[in-house]
Amino acid sequence: MQDFLAATDEPMVIIKPPPESNYRNLVDIIDEMNMSGVRRYAIDDLRPGDKAILAEAGIQVPGLKGEEE
């Protein structure tokens with residue numbers, strides 16, 4: 001895995017849609033990745049620990065319950 005990560009200088013974007021997002025929101029984000037030239041991205045669940053990171057940045061995520069998984 002380390003060799004794979006070191007083999008590219010391209011950014012990797014992790015997309016973590018909030019609970020209230022829908023399919024159209026995800027399609028829009030993937031379209032934005034394509035238009036921006038981002039070729040490496042992954043889609044993951046938004047976890048309770050992520051809420052603290054977003055809160056520090058002043059971003060609130062309604063509907064995300066729990067503190068840690």
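Here are a few things to note about the model shown:
- Among the residues of region 4-20, those identified as at pLDDT 90 or above and surrounded by 13 or more Cβ atoms within 10 Å (Cβ to Cβ) are Val13, Ile15, Lys16, Pro17.
- Checked against (1) surrounded by 14 or more Cβ atoms within 10 Å (Cβ to Cβ); (2) touching a Lys or Arg at 6+ places or on another chain (Cβ under 9 Å), Leu54 passes all but a single condition, namely (2).
- Restricting attention to region 21-46, the residues that are part of a loop (DSSP other than H, G, I, E, B), exposed (fewer than 14 other Cβ atoms within 10 Å of the Cβ) and not acidic (Asp, Glu) add up to 4.
The values are calculated or read from the model by the stated rules, or taken from the named source; none is laboratory data. Small disclaimer: the values here were computed from a predicted structure and weren't measured. All Cβ positions, even for glycine, are placed from backbone atoms using ideal geometry, and neighbour counts span all protein chains on display.
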